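What follows is a set of notes on a single structure, which appears directly below.
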Amino acid sequence: MTDLPLDFGDPADLEQLRRDLRDWLAEHPLPPRDADEPLPVHLHRWHRMLHSGGWVGLDVPREYGGRGLTPLHQVAVSDELGARGAPGVPRIGYLAHALLEFGSEEQRRRLLPRMLAGDDVWCQGFSEPGAGSDLAGMSTRADRGPEGHYTVSGQKLWTSYAQYSDLCLLLARTGADAPAHASISAFVLPLDRPGVTVRPLRAANGDDEFCELFLDGVRLAESERVGAEGGGWALAMTTVAYERNALDTGHLPRYGRLVERLRRHARAHRDGLPDGLLTDIGRCVVDYEVLVAHSRRRTAERLAGRAAGPESSIDKLLMTRAEQRLYETALKVFPEEVHGEGGEIFGDYLYSRAASVYGGTSQIQRNIIAKRLLRLPADGRG
Ligand SMILES: Cc1cc2nc3c(=O)[nH]c(=O)nc-3n(C[C@H](O)[C@H](O)[C@H](O)COP(=O)(O)OP(=O)(O)OC[C@H]3O[C@@H](n4cnc5c(N)ncnc54)[C@H](O)[C@@H]3O)c2cc1C
């Protein structure tokens, strides 16, 4: 019996995969981060190491650079890495899914192997200053010229790590006559193309994750469009549906380790805990167990070949609640970890505040659940 959350009574080959990964990890520890090395550069080193060991893209078909195994193999790798305290697999699964589902055969063969290997680093150019929750209201335009190429102008915002990226999965409006959702197209934008300016933004905690992306008359070939013209909305929804679950993030074992630490603390200090803290710890345990049960269901659905859809909004809400409560509670229980050497919990606590915003805010997830899963009327009556 393994101590991992997503144990499916692993068939023999999965047990072997986990053992191989453990052996590989013992021989290939991630070298320490250099003092002046930005975190994304450090993690990119890890991406390349994992890829060279065969631990990236396990469920991607072989002809596109993967190992042609099942989603369960990919989940097992994320799980095992998280449980051993190693950094996770690179978060590219949702972009890979978009290309697998909407890319042409030529794009899949050219782009996916390089994405999996870390030869091209990707970012996601969806949000704009006036279009985050209301993504369909975007104003970046891609106008098609007489020779078939597009000229793209506009501004993207919150583009994570664009300054370290080579390519951007970009959404832009093509055509003016169609309804908002039907006039959006997706493109692969090389960030070194003339007319592209990437400007990093410094966040309050000192991080430079976010970027502004300025596009000024950028030329894109028709072959750089992904999917049909006007088909970008379906691609965007597929991308965010895969972005919104906990399966390939390695978050579950990370949460699991902290939940276990809280549990041990509660047992040892039961009588000395301030009012309410025991209840908070209990809620963390319940949140975590619910998330694990839910992730098992999603894994089973993926194995049955079911694509991610609006149900992933439930996953995102559960993950957000579990993560935010967990780090809030951990800070109350271990206040000494706010500063100094043990400051890791504080860093995770700060980042957990963003969970209710990235990948679509919690309010937007509730709207999706209300409209697309519960089929409630938009005006709230009936
Ligand atoms: C850490 C992080 C990383 C990100 N990375 C990327 C990235 O790489 N690429 C990218 O494209 N974007 C990225 N984003 C942007 C993210 O997708 C948007 O911030 C998010 O969709 C919200 O959009 P907004 O910031 O414009 O807020 P707004 O849409 O202006 O929302 C403001 C508030 O109004 C509420 N609201 C808006 N509309 C409704 C409604 N209809 N019903 C109820 N409430 C509503 C929202 O819930 C929110 O509380 C990232 C964000 C974060 C925090």
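General remarks:
- Computed from phi, the 3J(HN,Hα) profile of the range 288-294 under the Karplus parametrisation 6.51, -1.76, 1.60 (θ = phi - 60°) reads 5, 5, 5, 5, 4, 4, 5 Hz, with x in place of Gly and Pro.
- A 1.4 Å probe run over the protein chains yields, for the range 122-229, 45 Å² of accessible area per residue, whole-number rounding.
- Ratio of Rg to Rh for the range 122-229: 0.97 [Cα atoms; Kirkwood radius as inverse mean 1/r over pairs].
- Gained length - Ser104 relative to Glu289, 0.36 nm times residue gap less alpha-carbon distance: 62.6 nm
- The alpha-carbon of Lys156 sits under 18 angstrom from the alpha-carbon of none of the lysines, leaving out residues fewer than 8 places away in its chain.
- Coupling constants for the range 221-227 follow from the phi torsions by the Karplus curve (6.51 cos²θ - 1.76 cosθ + 1.60, θ = phi - 60°), and in residue order they are 6, 4, 5, 8, 7, 9, x Hz; glycine and proline get x.
- Between the residues Phe346, Gly305, Met319, the greatest Cα displacement towards the positive end of the dipole of the range 261-347, with unit charges on the Cβ of Lys, Arg, Asp and Glu, is found for Gly305.
- Average Cα contact separation per residue, the range 244-373, under 8 Å, 6 or more apart, as relative contact order %: 29 percent
- Relative contact order for the range 59-198, counting Cα pairs under 8 Å that sit 6 or more residues apart, in percent: 18 percent
- Alpha carbon Rg of the range 211-285, scaled by the compact-globule rule 2.2 N^0.38 Å: 2.06
- Global form of the range 9-114, assessed from the alpha-carbon gyration tensor, a/c cut-off 1.5: oblate
- Simple point charges give the picture: +1 on the Cβ of Lys and Arg, -1 on the Cβ of Asp and Glu, and for the range 12-90 a dipole about the Cα centre of about 20 debye.
- A Cα-only calculation for the range 255-382 places Rg and Dmax at 17.4, 56 Å.
- Summary of packing: across the peptides 33-40, 168-175, 69-76, 305-312, the per-residue average of other C-beta atoms within 10 Å ranks them, highest first, as 168-175, 69-76, 305-312, 33-40.
- For the range 114-122, 3J(HN,Hα) per residue [Karplus equation, 6.51 cos²θ - 1.76 cosθ + 1.60, θ = phi - 60°, Hz, x = Gly/Pro]: 5, 5, 5, 7, x, 5, 10, 9, 10
- Kirkwood hydrodynamic radius over Cα pairs of the chain, then Stokes diffusion coefficient at 10 °C and 1.306 mPa s, in µm²/s: 71 µm²/s
- Point-to-point label distance, Ala354-Ser133, nm (Cα→Cβ direction, 7 Å offset): 2.0 nm
- Remark on Ala246: its backbone amide H falls under 5 Å from none of the residues 5 or more positions apart or on other chains, H modelled at 1.01 Å from N.
- Our summary of shape: the Cα atoms of the range 168-247 have principal axis extents of 42, 37, 22 Å, ordered from largest down, in whole angstrom.
- About its Cα centre, the chain has a charge dipole of approximately 900 debye under the convention of +1 per Lys or Arg Cβ and -1 per Asp or Glu Cβ, with nothing else charged.
- Aspartates and glutamates with Cα under 12 Å of Lys371, excluding same-chain neighbours fewer than 8 positions away: Glu311, Asp379
The values are calculated or read from the model by the stated rules, or taken from the named source; none is laboratory data. This is a predicted model, so every value here is computed, not measured. Here Cβ is always computed from backbone atoms with ideal geometry, including for glycine, and neighbour counts include all displayed protein chains. Just the protein is used for accessible areas: all its heavy atoms, side chains included, with ligands, DNA and RNA removed. Shrake-Rupley method; radii C 1.70, N 1.55, O 1.52, S 1.80 Å.
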